1. For residue 39 and residue 210, what does the FRET efficiency come to when R0 = 45 Å and r is the distance between their Cβ atoms, rounded to the nearest 0.05?
2. Taking 0.36 nm per residue of separation and subtracting the Cα-Cα distance, what length does fully extending residue 15 through residue 136 add?
3. Any chance you could run the full-extension gain for residue 124 through residue 270? It's 0.36 nm times the residue separation minus the Cα-Cα distance, nm to one decimal.
4. Looking at region 225-267, I'd like the Rg to Rh ratio, where Rg is from alpha-carbon atoms and Rh is Kirkwood's inverse mean 1/r.
5. Could you pull out the pairs from 46/131; 109/131; 46/78; 46/257 whose alpha carbons sit more than 22 Å apart here?
6. What ranking, highest mean first, results for peptides 122-135, 75-88, 103-116, 231-244 when packing means the other Cβ atoms within 10 Å averaged over each residue?
7. Under the √(5λ) rule applied to the eigenvalues of the Cα gyration tensor, what semi-axes describe the equivalent ellipsoid of region 39-142? Give them in Å, descending.
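What follows is calculated from the coordinates using simple rules that are stated; it is not laboratory data. Everything numeric here is computed off the predicted structure, so don't read it as measured data. Here Cβ is always computed from backbone atoms with ideal geometry, including for glycine, and neighbour counts include all displayed protein chains.
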Amino acid sequence: MEMVKSFLWIAAELTVLFFLISFLLSALQSYIPYQKIEQYLGKSNKSIGVLAALVFAFITPFCSCSTIPVVVNMLSKKMPFGVVMVFLFASPVLDPTILTLMGVILGWKVTIIYTIITAVFSIIIGLSLEKFGFKRYVKNVIVTGLQEEEKQFNWKGAWQETLSLMKSVYPYLLIGAAIGAFIHGLVPGEWIASWFGRETWWIVPIAAIIGIPLYIRLSSMIPISQVFIMKGMALGPVMAMMISSAGASLPEVILLKSIFHKQLVIAFVVSVISMATISGFIFYLV
């Protein structure tokens, strides 16, 4: 009974927050000049391109798999490889809706630190892959049918976009709420605190590695992380698992294999695990 109550409470809280945040952001996105941002992505000035990549990643609510077609489209338009890689790493982890949920549920200090860390590491990894010549491991793949449409604001459009986002993301929120309720009701807090509450260095990389095959979307990880922290799990491994599960997944790796050679796919997976692990250690410190 306690588990059911916990699920209903978490699900109700997430439903209200997600709907209100999604509707507000859908309305605001009508004023975003997507075509102008795309022009900045292709600029020869690397700093402008990188900044545009982060902005584009932030305003496009894509999961790791949904990012792939956009990446292919960007590569086919001959955009700088490093800028495209920055977007590839940043897009799944910088979702404005989920970041707002994270701020409300886990706290704004955690969210701000998370945003800064993931943005900085996305830049470092993306530009490093370009510097070390990984562009040569990109296959010649072109997609068609990806056209950007100019958005004009209207309340009906914002409502429809909110409903569409609810259909695609909301089930994962409920899954996360269900898992969180299960952990809250049946997994002893003493067990989690004894194993994952210690500031032992090896727990962080293990959490980062575990996060990738789980394929838990960031939207599902928010309520799960909340319960883990309530049960006594340290923030470092929680954030490491959150970043790795959002930044990469087995389905995404399979999709990447169709556009990248294995050298770049391996570099991508290692980079995500490294970003998640180092981020976990940073959260230990702060």
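1. 0.65
2. Computed gain between residue 15 and residue 136 is 39.1 nm.
3. That works out to 51.2 nm of additional length.
4. Value, to two decimals: 1.21.
5. In this structure, 109/131; 46/257 lie more than 22 Å apart at Cα.
6. With the highest mean Cβ count within 10 Å placed first, the list reads 231-244, 75-88, 122-135, 103-116.
7. 25, 14, 12
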